[in-house]
Amino acid sequence: MPFMQADTLSEQYSLFQAASPETVEWLLSVATHHDYPADRAVVMEDAWGNAVYFIQAGWVKVRRHAEDSSITLAVLGQGDFFGEMAILDESPRSTDVVAMTAVKLMSISAQRFLQTLFKDPQLHHRLLQIMVQRLRQTNLRFQLRHQPPAVKLANTLTAIQEAYGEPVEDGVDLFNIPRKDLADLADITPDEADKIMAKLAEKGWIVEDNTRSVLRLKNTRQLAHLAGRL
């Protein structure tokens with residue numbers, strides 16, 4: 001993998017935007033790079049807490065296992081990271097991370113990441129801010145648990161658009177998350193997700209390009225209104 005410059009790292013990851021140049025340079029010098037094909041497990045259940053992982057390209061999902069099934073808890077894309085909570089929590093986990101597409105990751109060992117947090121208070125503070133933002137997203141999903149399925153799905157699409165959307169001439173492009181995973185994220189059934197997505201397509205609010213795994217949101221304002229965010 002080509003060597004990443006410090007300023008590129010700061011641009012790609014909001015976590016590092018407040019860190020000192022010395023911190024970013026040192027993290028780059030101790031980082032390990034990984035390439036995974038689609039459908040490959042990136043972090044197994046017993047491997048949490050070993051490192052923090054940064055997504056350089058591609059998409060992953062975090063799954064929770066229950067008996068013979070699994071539930072998708074989160075879908076993460078380029079510029080995001082995971083594993084930061086686990087380095088502070090040594091309890092066993094029943095979750096894993098799976099590549100949804102070909103993925104490029106950068107990892108930093110738990111020990112070195114913790115050392116960096118103690119040395120750079122700005123990085124420490126920025127990490128706390130991001131963790132609070134994620135907690136607020138979790139709280140929002142909890143508050144929506146009794147809302148109609150369409151409202152839940154609109155909130156999920158709006159949140160993904162805000163985090164990862166790529167503006168294009170006639171809308172915003174997202175990774176077209178497989179329906180079962182999208183349903184899990186919205187806390188609705190796959191059948192409900194199918195019907196709602198078909199209705200949104202009929203209204204012209206979304207267009208699916210399955211050849212490129214792209215979902216284009218044509219009317220983000222209406223989606224935000226349906227989600228109750230306007």
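The values are calculated or read from the model by the stated rules, or taken from the named source; none is laboratory data. A quick note: this is a predicted structure, and the numbers were derived from the prediction, not measured. Here the Cβ is made from the backbone with ideal geometry for all residues, glycine too, and neighbour counts use every protein chain on show. The protein model used for the area step is the full one, side chains on, heavy atoms only, and it has no ligands, DNA or RNA in it. Shrake-Rupley method; radii C 1.70, N 1.55, O 1.52, S 1.80 Å.
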Whole-Å distance, taken between Cα centres, linking the stretch 129-174 and the stretch 195-230
13 Å
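Across the chain, where is the longest run that never hits GluC sites (Glu not before Pro) in a DSSP loop with at most 10 other C-beta atoms within 10 Å?
Details: sites that count: GLU67, GLU90, GLU169.
It runs 91-168.
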Over the stretch 2-117, with every protein chain in place, what whole percent of the accessible area is carbon and sulfur at 1.4 Å, could you tell me?
48 percent
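For the chain, what does -39500 (n - 2.57) per DSSP helix run (n ≥ 4), summed and divided by total residues, give at 222 nm, in deg cm²/dmol to the nearest 500? Kindly include the intermediate steps, with their values, before the conclusion.
Details: 8 runs with 95 residues, N = 230.
Helix-only estimate at 222 nm: -13000 deg cm²/dmol.
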Please give every one of the lysines within straight-line cross-link reach of LYS199, meaning a C-alpha to C-alpha distance under 24 Å, and leave out same-chain neighbours fewer than 8 residues apart.
LYS152, LYS180, LYS218
Once the dipole of the chain is set up with Lys and Arg at +1 and Asp and Glu at -1 on Cβ about the Cα centre, which of ASN50, ASN210, THR32 lies farthest towards its positive end?
ASN210
Which residues in the stretch 208-224 have a backbone N closer than 12 Å to a point placed 7 Å from the Cα of ASP170 along the Cα-to-Cβ line?
208, 216-219
Remind me, what semi-axes does the stretch 154-203 give for its equivalent ellipsoid, largest first in whole Å, using sqrt of 5 times each Cα gyration tensor eigenvalue?
19, 13, 8
For the chain, what is the accessible area per residue in Å² when the probe is 1.4 Å?
54 Å²
